[in-house]
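Undergrad: Pasting a structure here, questions to come.
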Amino acid sequence: MRVYLDNSATTRPSERVVQAVARSMQTAYYNPSSLYKPAMEVEKEIASFRAILSCHDHVYFTSGGTEANNIAVFGNKPQTGHNGRILCSAVEHPSVREACMAMKRHGRRVEEIPVTQEGIVDLECLETMLKEDTVLICVMHVNNETGAIQPINEMIALRDRLAPMAGIHVDGVQGFLRVPLDLSNIQSYAISAHKIHGPKGIGALITKKASKPRPFTYGGGQEEGVRSGTENTPGIAGFKEAVMAYPAEANSRMHALKITLYDRITQAIPHSRLNGPEVTDKRGAPHILNMSFTPVRSDTMLYALEGEGVYVSGGSACSSGKSKLSQTLKAMNTPRSDAECAVRFSLSKDTTREEIEYAAEAVIRQYRLLSRYVRR
């Protein structure tokens, strides 16, 4: 049996998405900037999808979540007219964290917001950090490693009281369609198609109309001049189909299966460690479960599970395949011995109970085998 539980890295495109991409390439291949009717029909389709994503905000299509996050950080235009401080949570995705660090190397003041042991922004610390010179706050919607849902509404309230001119950028790649969020009080929100069964190479940045970012690439003026270049029309067509086809009941199903997976494992391996909020806690996303099986190291468990046809990860897959200690778990003050043994299971709308049962048995079997041979 083959069980794919690395859906936070990428998801399998649905058949409807594949068909939409094929139709776009075969019959709707026209450049949307051209003025004849077939090309204008393609432009209308793109415009209709922008309206679906947001009726009241700007939507800029990008090559994915990384570019969307980069545009939000590098393209930020402070409303205060000065280059004030940027606050970034300590558990951000590399596409946000590294962008902020690049800003720091160019002279901007960047500070990390600490998180709790569950990986959730420490609101008391944030309250002391927020000053009138804060111009941008970067925070994830859902952490890609632990599934922790960040308290964005509470952060907005603190922003409104202490730094009302600061914008809030939310990396929504792991939260979009899976965890609801009101976008009306944030400056920008990044999303990616291949995390929701769409094609790779297409994402979007949703921004307030008053918060148009600085141009990221220059050329023909597409995407309102923010990101020039001919639109990825097959990608956009597939992205639209992925959004339209995403089932409303998927999230509750995934959450139930996540709890089943956790329960099966902890019954057999009671001293395994949960990294992130409790599985029944509303502060945890429905599709991500991170656990440590100390003393079996992550890479050892990953290879063993692969041998059983179960595909998982040790954390983020967005660092060029590098194996290193998770920055997220480090920020959560997870003991190094546990962080080195962390495994992430991430579910999708297609995950079945049979797959979860099989994966749990494989984890238990491999743990019992491998833990005997670990050097003490």
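The values are calculated or read from the model by the stated rules, or taken from the named source; none is laboratory data. A quick note: this is a predicted structure, and the numbers were derived from the prediction, not measured. FYI the Cβ positions are ideal-geometry reconstructions off the backbone, even for glycines, and counts take in every protein chain you see. The accessibility values were calculated without ligands, DNA or RNA, using every heavy atom of the protein model including side chains. Shrake-Rupley method; radii C 1.70, N 1.55, O 1.52, S 1.80 Å.
Undergrad: Quick check: is even one residue across the range 99-116 hydrophobic (A, V, I, L, M, F, W, C), open to solvent by less than 10 Å² (accessible area, probe 1.4 Å), in the same structural domain as GLU241 (by TED's automatic domain parsing) and within 19 Å of GLU278 (Cα to Cα)?
TA: no
Undergrad: Among residues belonging to the range 32-61 that are of a type in the set (Phe, Trp, Tyr) and outside any helix (DSSP H, G or I), point out the one that is most open to solvent (accessible area, probe 1.4 Å).
TA: Within the range 32-61, the match that is most open to solvent (accessible area, probe 1.4 Å) is TYR36.
Undergrad: TYR246: hydroxyl-bearing (Ser, Thr, Tyr) and more than 19 Å from the chain's Cα centre (by Cα), yes or no?
TA: No.
Undergrad: Give me the pairs, please: first residue somewhere in the range 260-274 and in contact (Cβ under 8 Å) with a residue 60 or more places away in the chain, second residue anywhere and part of a helix (DSSP H, G or I) and aromatic (Phe, Trp, Tyr), beta-carbon distance under 6 Å, and either six or more positions apart or on two chains.
TA: Sorted first by the residue in the range 260-274, then by its partner, the pairs are ILE269/TYR367.
Undergrad: Ok, one more. Give SER272, SER252 a once-over and let me know the one that is modelled with pLDDT of 95 or more and open to solvent by 50 Å² or more (accessible area, probe 1.4 Å).
TA: One residue alone meets the criteria, SER252.
Undergrad: Within the range 288-308, work out how many residues are more than 21 Å from ASN144 (Cβ to Cβ) and open to solvent by less than 10 Å² (accessible area, probe 1.4 Å).
TA: Number satisfying all stated conditions: 1.
Undergrad: Now, a different point. What residue, among those in the range 159-168 that are closer than 23 Å to ALA99 by Cβ and open to solvent by 10 Å² or more (accessible area, probe 1.4 Å), is modelled with the lowest pLDDT?
TA: It comes out as MET165.
Residue by residue, here is whether (1) at pLDDT below 95; (2) open to solvent by less than 10 Å² (accessible area, probe 1.4 Å) holds:
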| residue | (1), (2) |
| --- | --- |
| ASP263 | no, no |
| ALA268 | no, no |
| PRO286 | no, no |
| VAL310 | no, yes |
| GLY314 | yes, no |
| CYS318 | yes, no |
| SER323 | yes, no |
| VAL343 | no, yes |
| VAL374 | yes, no |
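Undergrad: Taking the options ASP171, ASP182, name whichever one is open to solvent by less than 10 Å² (accessible area, probe 1.4 Å) and under 22 Å from ARG283 (Cα atoms).
TA: Unique residue meeting the criteria: ASP171.
Undergrad: Give the range 334-367 a look and list any residue that's under 17 Å from SER272 (Cβ atoms) and of a type in the set (Val, Ile, Thr), or say none.
TA: Selection gives THR334, VAL343, ILE356, VAL363, ILE364.
Undergrad: When you check GLU241 against the structure, is it open to solvent by 30 Å² or more (accessible area, probe 1.4 Å) and either in the same structural domain as ASN76 (by TED's automatic domain parsing) or of a type in the set (Ser, Thr, Tyr) (or both), yes or no?
TA: yes
Undergrad: Can we say TYR189 is assigned by TED's automatic domain parsing to the domain that holds VAL142 and hydroxyl-bearing (Ser, Thr, Tyr)?
TA: yes
Undergrad: Same structure, new question: Here are the criteria: (1) under 25 Å from ALA331 (Cα atoms); (2) within 17 Å of the chain's Cα centre (by Cα). Tell me which single one GLU118 does not satisfy.
TA: (2)
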